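The values are calculated or read from the model by the stated rules, or taken from the named source; none is laboratory data. Small disclaimer: the values here were computed from a predicted structure and weren't measured. Cβ coordinates were reconstructed from backbone atoms using ideal geometry, including for glycine residues, and neighbour counts include every protein chain displayed. All accessible areas refer to the heavy atoms of the entire protein, side chains included, with ligands and DNA or RNA removed. Shrake-Rupley method; radii C 1.70, N 1.55, O 1.52, S 1.80 Å.
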Amino acid sequence: MRSRSLAVGTVLAVAVTACGTNSGNTSGSGTADPGGSGDGVKVGVVLPETATSARWEGFDKPLLDKALRAEGLDPDIQNAQGDVQKFATLADGMINAGVRVLLIAAPNSEVGASVARKAEAQGIQVIDYDRLNLGGSSKFYVSFDNVKVGELQGRGLVDGLAKLAPGKKPAEVIEIEGAPTDNNATLFYNGQQNVLKPKYTSGELKLVQSQPIEGWDNQKGGTTFEQILTGNGQKVDGVVAANDGLAGAVITVLRKYGLTGKVPVTGQDATPDGLQAVLRGDQYMTVFKPIAAEAEAAAKLAGALARGDTAAADKLANGVTKDPKGNRDVKSVLLTAQLITRENVKSVVDAQFVKASDICVADTAAACAELGIK
Ligand code: BGC
């Protein structure tokens, strides 16, 4: 199913490129801007935060800019810095500036849904980017299979425990989860539990505490983890951290108690800091989500919608996602993520997501040499 729809996507991409110099557009909406000179159709992107993950400014922003320009569109990409009001204001500005398509990754579903309704009332097409807005009205959603992301984290934790705490029964686990207002955090959690719950039930693992962290606040994640750890007599065998930012905060606390490298910690996003921590052995795993592919899929959809070609947009979707709050199916492009441990960090460099020089620093140089990362 996936490979079939990807193949369709590729064919469409070629078709779009082939007619890029002549918009091939009979509706007169004039979208061609192959050189990305800036006079193409305006597309707005509002990203949610900077501090919760290095991905938004470090990856999504430049990759979306490149992918949208390659579609002949003229992007305006802003970041709400975790401020719900700012998110709404930025979106308002874009709506008033006459964007034809709006891509939103909202700090919470309420503001995402309200922005979508407002934009659609002006005839603007809205794509939920990475985060689905529950109870929203956007017609398309582009993301990863986020339950699968959580399953990779659960699997990574179990593998890490087998290596670092073999035979320990029950192994004690602390879960530091993402923002309760981000639907993705719920999906990651659900995926993790698909793997971990049977082990909690069987007594192989013991859950010390599971704690969602408001706004994915990394600092709060660290202080919360420390409270749980000290409350448990400074004992922990494994930590689920929902992304690399939270993992970094957890690792700082583990260091304070002499536990770094002894306790598997999960992560997500394959950020340069996260990958360095994996190379050092401080973090057991991360999840590599190829954001270039996510940005390209979103840009192709935006291109089709900007041309008013909803049939092409429909064909790009490779499935639907349930919005349990709005009781609706949202046409989706869902991409596949990859489990990364020390052994295959190299594949993230080979995929050109990060450069060797981003992750091979003084205290990881030996690991890079050993793993052939250069
Ligand atoms: C994204 C993650 C990110 C987290 C915090 C989630 O919605 O899918 O990649 O780490 O937000 O920014």
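Quick look at the numbers
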quantity	calculated
Some residue of segment 65-76 being part of a loop (DSSP other than H, G, I, E, B) and out of contact with any His (no Cβ under 9 Å at 6 or more places or on another chain)	yes
Any hit, segment 66-73, residues being in contact with a strand residue (DSSP E or B) (Cβ under 7 Å, 6 or more places away or on another chain) and within 12 Å of the ligand (Cβ to nearest atom)	no
Pick from segment 143-166, criterion within 16 Å of the ligand (Cβ to nearest atom) and hydrophobic (A, V, I, L, M, F, W, C), ranking: surrounded by the fewest Cβ atoms within 10 Å (Cβ to Cβ)	Val147
Qualifying residue in segment 172-192 (condition: part of a helix (DSSP H, G or I), in contact with a Leu (Cβ under 7 Å, 6 or more places away or on another chain), within 12 Å of the ligand (Cβ to nearest atom) and within 27 Å of Asp130 (Cα to Cα))	yes
Evaluation of Val99 against (1) free of Cβ contacts under 8 Å to residues at least 60 places away in the same chain; (2) out of contact with any strand residue (DSSP E or B) (no Cβ under 9 Å at 6 or more places or on another chain); (3) part of a loop (DSSP other than H, G, I, E, B); (4) closer than 26 Å to Asp65 by Cβ (one fails), failing number	(2)
Members of segment 263-308 that are charged (D, E, K, R) and more than 17 Å from Trp216 (Cβ to Cβ)	Arg280, Asp282, Glu294, Glu296, Lys300, Arg307
Residue count for segment 38-59, restricted to those that are among the acidic types (Asp, Glu), modelled with pLDDT of 95 or more and surrounded by fewer than 23 Cβ atoms within 10 Å (Cβ to Cβ)	1
Count - residues of segment 58-96 that are of a type in the set (Gly, Ala, Ser) and either over 18 Å from the mean Cα position of the chain (by Cα) or assigned by TED's automatic domain parsing to the domain that holds Asp273 (or both)	5
Residue count, segment 236-255 (criterion: within 12 Å of the ligand (Cβ to nearest atom) and buried (at least 24 other Cβ atoms within 10 Å of the Cβ))	7
Boolean, Asn218 is within 16 Å of the ligand (Cβ to nearest atom), surrounded by fewer than 16 Cβ atoms within 10 Å (Cβ to Cβ) and over 20 Å from Val348 (Cβ atoms)	no
Condition broken by Leu63, with the remaining ones in (1) out of contact with any strand residue (DSSP E or B) (no Cβ under 6 Å at 6 or more places or on another chain); (2) hydrophobic (A, V, I, L, M, F, W, C); (3) open to solvent by less than 10 Å² (accessible area, probe 1.4 Å) satisfied	(3)
Strands (runs of 3 or more DSSP E) contained entirely in segment 204-293, each with at least 2 residues that are in contact (Cβ under 8 Å) with a residue 60 or more places away in the chain	238-241, 286-288
Identity of the residue in segment 68-92, open to solvent by 10 Å² or more (accessible area, probe 1.4 Å) and touching a residue at least 40 places away in the same chain (Cβ under 8 Å), that ends up nearest to Val333 (Cα to Cα)	Glu71
Residues (within 16 Å of the ligand (Cβ to nearest atom) and surrounded by fewer than 23 Cβ atoms within 10 Å (Cβ to Cβ)) located in segment 256-287	Pro272, Asp273
Selection status of Asn190, at pLDDT 95 or above and over 15 Å from Pro170 (Cβ atoms)	yes
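Yes/no per residue for (1) within 27 Å of Ala295 (Cβ to Cβ); (2) not aliphatic (A, V, I, L, M):
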| site | (1), (2) |
| --- | --- |
| Gln125 | yes, yes |
| Ser137 | yes, yes |
| Val142 | yes, no |
| Asn146 | yes, yes |
| Ala165 | no, no |
| Val173 | no, no |
| Ala179 | yes, no |
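Conditions tested, residue by residue: (1) β-branched (Val, Ile, Thr); (2) open to solvent by 20 Å² or more (accessible area, probe 1.4 Å); (3) within 18 Å of the chain's Cα centre (by Cα).
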{"position": "Ala312", "(1), (2), (3)": "no, no, no"}
{"position": "Ile340", "(1), (2), (3)": "yes, no, yes"}
{"position": "Asp358", "(1), (2), (3)": "no, yes, no"}
{"position": "Gly372", "(1), (2), (3)": "no, yes, no"}
